[in-house]
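Below you'll find the structure, written out as structure tokens, and then a few comments.
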Amino acid sequence: MSDASNQTTIFQLADQFIALANELTQQEGDVGKVGTALRFAAARFNAFEASIKSADLGAEKANALEWFTAEYRDMLDDNLEDHIANPPVVNSEEAAEPADNAVQQFKV
């Protein structure tokens, strides 16, 4: 039997992805571009995950879209609430307009 204390949690794995995203943001100087790339990578990987878990992805595509969308929405909602309660400190250099205007910007 394996020791559960040696298992990597989803939060530890997520922290590794976030660390890479932070590193890429420093290199690119564009958090929007990195965020878009990360969402694309997640969509690509989740489509792969669905394809290997499904006996008939064509028939189950709508259910897969519904499930992954609900999962993402719940996770995003939790994290938005966390940032509302604990706003990140952003220095003026990071807040500058991105160099890549091909990436859609979210503005309130």
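Starting from the eigenvalues of the Cα gyration tensor, five times each then square-rooted, give me the equivalent ellipsoid semi-axes of the range 11-84, largest first, whole Å.
26, 16, 11
Local charge sum around Glu81 (other residues, Cβ-Cβ under 13 Å, Lys/Arg +1, Asp/Glu -1)?
Numbers: positive: Arg73; negative: Asp74, Asp77, Asp78, Asp82.
It works out to a net charge of -3.
Could you please state how large a percent of the accessible area of the range 11-84 is carbon and sulfur, counting protein chains only and using a 1.4 Å probe? Can you show the working numbers first?
Working: 3750 of 6130 Å².
Roughly 61 percent, rounded to a whole number.
The values are calculated or read from the model by the stated rules, or taken from the named source; none is laboratory data. Keep in mind the model is a prediction, meaning the values are calculated, not measured. All Cβ positions, even for glycine, are placed from backbone atoms using ideal geometry, and neighbour counts span all protein chains on display. Areas reflect the complete protein model, heavy atoms only, side chains present, ligands, DNA and RNA absent. Shrake-Rupley method; radii C 1.70, N 1.55, O 1.52, S 1.80 Å.
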